[in-house]
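These notes are about the structure you will find just below.
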Amino acid sequence: MKVAEALRAAADQLSATSDTARLDAEVLMAHVLGCSRTDLLLRHMAGAVPDGFAALVERRMRHEPVAYITGSAEFYGLELAVSPAVLIPRGDTETLVEVAREAFSGTAPPVRILDLGTGSGALLLAALSLWPQAEGIAIERSPEALAVAKANAQRHAPSARVLEGDWTQTDWAQGLGKFDLVLSNPPYVEDEAELDASVRQHEPASALFSGPDGLDDYRILVPQLPELLTERGIAIVEIGWTQADAVSGIARAAGMSARVHCDLAGRKRAVEMAVSANIPLGKGPAGH
């Protein structure tokens, strides 16, 4: 069987478990061949099917995410290593980076950047790709995720520091200092939420779930943010699309202003916060 035929057959198989069956098949084939997807389509379609492709298709049939099978995912133009120890970086989360970019456009860039619950390191490394001169620190409580983030930092921003820490513990922020930009994609899924099998069965529960209403981590983390921000500093956290009012309320109760921003699909995706009333929030479009 040639590659082209194998891709058609795999796409048919995967259509029962994936909305992106053809794309999944192509990415898996390119991974086995050790080439880019573009190179696959241009140069390898008439070649022989490599050993190992069928096994990867079988793994995808069992709902294992393609990113875990290949060990990599793209975020904000960066290729990142991923494993089942970390959430797979998603395009929706790039909203936080774009909000930050807009907030600092036309003004002095952030000098110090903090990423809380970094996982793969995606948010910090994306921010450092915009402001490479900044000091970057990432905090992660999972030792397995910490190893993934450190590997990605070594590749994309060797000067970044990836530290073990847990915002639910006393004195976790001692010695960190203050930051011009704090980013976080905390757990925010309701414990009993219905999720795709590829998420619930394979992605780390500790990075997904946060109590009956999904707000437990916001209630712990957000009140601690004012002590981490410089006078001009802002914090941007990811939210579920139904959580904008609740998270904004937690921010205001902690003495911060809050503004909601939408992702490219128009869903409420991020809350931007600042301590000082003198800081104008959000130069870009926001949700209401």
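The values are calculated or read from the model by the stated rules, or taken from the named source; none is laboratory data. These numbers were taken from a predicted model, which means no experiment stands behind them. Ideal geometry is used to build each Cβ from the backbone, glycine not excepted, and the neighbour counts take in all protein chains shown. Just the protein is used for accessible areas: all its heavy atoms, side chains included, with ligands, DNA and RNA removed. Shrake-Rupley method; radii C 1.70, N 1.55, O 1.52, S 1.80 Å.
Points to keep in mind about this one:
- Residues of segment 95-227: accessible area per residue with a 1.4 Å probe, Å²: 44
- Inter-part distance where segment 7-24 and segment 136-164 are each reduced to a Cα centre, Å: 34
- Taking the DSSP beta bridges with both ends in the chain, the antiparallel portion is around 45 percent.
- Extension reserve of the Met45-Ser129 stretch, reckoned as 0.36 nm per residue once the Cα distance is removed: 26.7 nm
- Inter-label distance for Glu227 and Val111, nm, one decimal - labels placed 7 Å from Cα along Cα-to-Cβ: 2.2
- Once both labels are positioned 7 Å from their Cα atoms along Cα-to-Cβ, the gap between Leu264 and Trp241 label points is 1.5 nm.
- Within the accessible area of the chain (1.4 Å probe), percent carbon and sulfur: 52
- Backbone geometry of segment 105-119 corresponds, through the Karplus equation with coefficients 6.51, -1.76 and 1.60 at θ = phi - 60°, to 3J(HN,Hα) couplings of 5, x, 9, 4, x, x, 8, 10, 10, 10, 10, 9, x, 5, x Hz, x marking Gly and Pro.
- Inter-probe distance in nm under a simple model that places probes 7 Å from Cα toward Cβ, at Thr170 and Leu23: 4.8
- Here the scattering of segment 1-143 is modelled by Debye summation over its C-alpha atoms, one equal scatterer each and no solvent; at q = 0.10, 0.15, 0.17 Å⁻¹ the log10 of I(q)/I(0) is -0.45, -0.81, -0.93.
- Of all DSSP beta bridges in segment 147-288, antiparallel share, percent nearest 5: 65
- Segment 126-265: Cα Rg divided by the 2.2 N^0.38 Å rule of thumb: 1.09
- Accessible area ranking (1.4 Å probe, heavy atoms, ligands and nucleic acids excluded), largest first, for Ser159, Ser105: Ser159, Ser105.
- Projected onto its three principal axes, the C-alpha set of segment 87-128 covers 33, 20, 12 Å, listed from the longest axis down.
- Computed magnitude of the charge dipole of the chain (debye, nearest 20; Cβ of K, R +1, Cβ of D, E -1): 700
- Equivalent ellipsoid semi-axes, segment 168-214, via Cα gyration tensor eigenvalues times 5, rooted, Å: 28, 12, 10
- Radius 15 Å from Cβ of Asp180, net charge of other residues (Lys, Arg +1; Asp, Glu -1): -2
- Set of aspartates and glutamates near Lys178 by C-alpha distance (under 18 Å), chain-local residues within fewer than 8 positions excluded: Asp115, Glu135, Glu140, Glu164, Asp166, Glu227, Glu231, Glu272
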